[in-house]
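The structure under discussion appears below in the form of structure tokens.
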């Protein structure tokens, strides 16, 4: 991934495109494809395939636990981050008068469960200033009624990276709230310190380079009672097939309660292979290689006639930068015609830099962007 030979052999599709859209879809290494093939071989064994399936499950959880800084029994895998947040909403058992704090740089998955009309809680929005979230704007929103503060570690919208310990300190000082952290745009891209989080959630098809169909959940054992999901199922229950199975359903505590049925084993195989690849490469090595490229992109874009909406904060670089322009759609189309893949939405262009990107990619992007701006006027 960090060497030209590995890039050619592990990511052959990148030889035909300049790819800066990992924040939407990561390009999986060929090892993930081989993991799918192994799943199919194991599945052909029928019930005898369950042994290998659950061996992959255990291995994937071990690797995820290492990434989250938790133990294997403190993590689990559900179907996607949206499912994880909806299950979290069930676990909270919210009542009228409870308060939830979301922010306006966050992805819908972490904000919308609390906005449904049948949710009894009051939602407060922590709003950005100059495209960054400031802790001193969070503090006035906190109260004894605050049940949850939820935020992404890195914003999908513009790459703003929060300082998690500062947020945790404010939450603890001014409320009894739990702190949920979405690391979808950080996991596999930057080193993590998640000790202050009470709930950790990530999707699997972006920076860790796995497949769709996974939601990575972490619940520290100290918070297991707070995050036990009262859902029906079987895999999440303490005794789904015992003699009292039609008398009551009791969920396993904490993270285990978020996997309510048969695991999505094809995705589990892919997740294990992808995390193996990321951990073998080394997240610190990925950051060391990619962060200077992000800084170069930021410097280059800042000199162009666009509105840069990614804060240029010292030591806060992640993998994403974004800008706005009245003709963003046309600019995006010019880039795509040149084989340069970014993301466009509602006047915003987002650029995502991972460990498989190169200096040549950045040079091509900045040159292509300058040309597109000149053409579109």
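Just to check your reading of the model, which residue among 181, 162 is without any contact (Cβ under 8 Å) to a residue 40 or more places away in the chain and either within 9 Å of the chain's Cα centre (by Cα) or crowded, with 24+ Cβ neighbours inside 10 Å (or both)?
Going through 181, 162 in turn, the sole match is 181.
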Exactly one of (1) surrounded by 17 or more Cβ atoms within 10 Å (Cβ to Cβ); (2) over 19 Å from the mean Cα position of the chain (by Cα); (3) touching a residue at least 40 places away in the same chain (Cβ under 8 Å) is unmet by residue 171. Its number?
(3)
Suppose the filter is under 30 Å from residue 63 (Cα atoms), in contact with a strand residue (DSSP E or B) (Cβ under 9 Å, 6 or more places away or on another chain) and modelled with pLDDT of 95 or more; does residue 263 pass it?
yes
Does segment 215-231 contain any residue that is within 30 Å of residue 33 (Cα to Cα), out of contact with any helix residue (DSSP H, G or I) (no Cβ under 6 Å at 6 or more places or on another chain) and surrounded by 14 or more Cβ atoms within 10 Å (Cβ to Cβ)?
no
Can you find a residue that is closer than 22 Å to residue 224 by Cα and in a helix (DSSP H, G or I) anywhere in segment 153-165?
yes
Could you tell me whether any residue of segment 131-139 is farther than 24 Å from residue 322 by Cβ and in contact with a strand residue (DSSP E or B) (Cβ under 6 Å, 6 or more places away or on another chain)?
no
Within segment 42-89, the count of residues that are outside any helix (DSSP H, G or I), in contact (Cβ under 8 Å) with a residue 60 or more places away in the chain and over 26 Å from residue 231 (Cα atoms) comes to 1
Evaluate segment 183-198: report whether one residue or more is in a strand (DSSP E or B) and modelled with pLDDT of 95 or more.
no
Residue in segment 270-279 that is touching a strand residue (DSSP E or B) at 6+ places or on another chain (Cβ under 8 Å), in the same structural domain as residue 220 (by TED's automatic domain parsing), crowded, with 18+ Cβ neighbours inside 10 Å and under 21 Å from residue 60 (Cα atoms) present:
yes
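Only one of these is more than 29 Å from residue 261 (Cα to Cα) and in contact (Cβ under 8 Å) with a residue 40 or more places away in the chain: 2, 6. Name it. I'd like the intermediate steps shown before the answer.
Numbers: 6 fails: in contact (Cβ under 8 Å) with a residue 40 or more places away in the chain.
Selected residue: 2, the only one of 2, 6 that is more than 29 Å from residue 261 (Cα to Cα) and in contact (Cβ under 8 Å) with a residue 40 or more places away in the chain.
Any residue at all in segment 238-246 that's surrounded by fewer than 20 Cβ atoms within 10 Å (Cβ to Cβ) and under 30 Å from residue 357 (Cα atoms)? Step through it out loud before you land on a result.
First, the residues of segment 238-246 that are surrounded by fewer than 20 Cβ atoms within 10 Å (Cβ to Cβ): 238-246.
If we keep only those that are under 30 Å from residue 357 (Cα atoms) too, we end up with none.
No, that holds for no residue.
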Counting only residues that are more than 24 Å from residue 164 (Cβ to Cβ), touching a helix residue (DSSP H, G or I) at 6+ places or on another chain (Cβ under 9 Å) and in a strand (DSSP E or B), segment 309-327 contains a total of 1
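The values are calculated or read from the model by the stated rules, or taken from the named source; none is laboratory data. Worth saying up front: this structure is predicted, and the values here are computed from it rather than measured. Don't worry about glycine lacking a Cβ; one is built from the backbone with ideal geometry, like all the others, and counts go over all protein chains shown.
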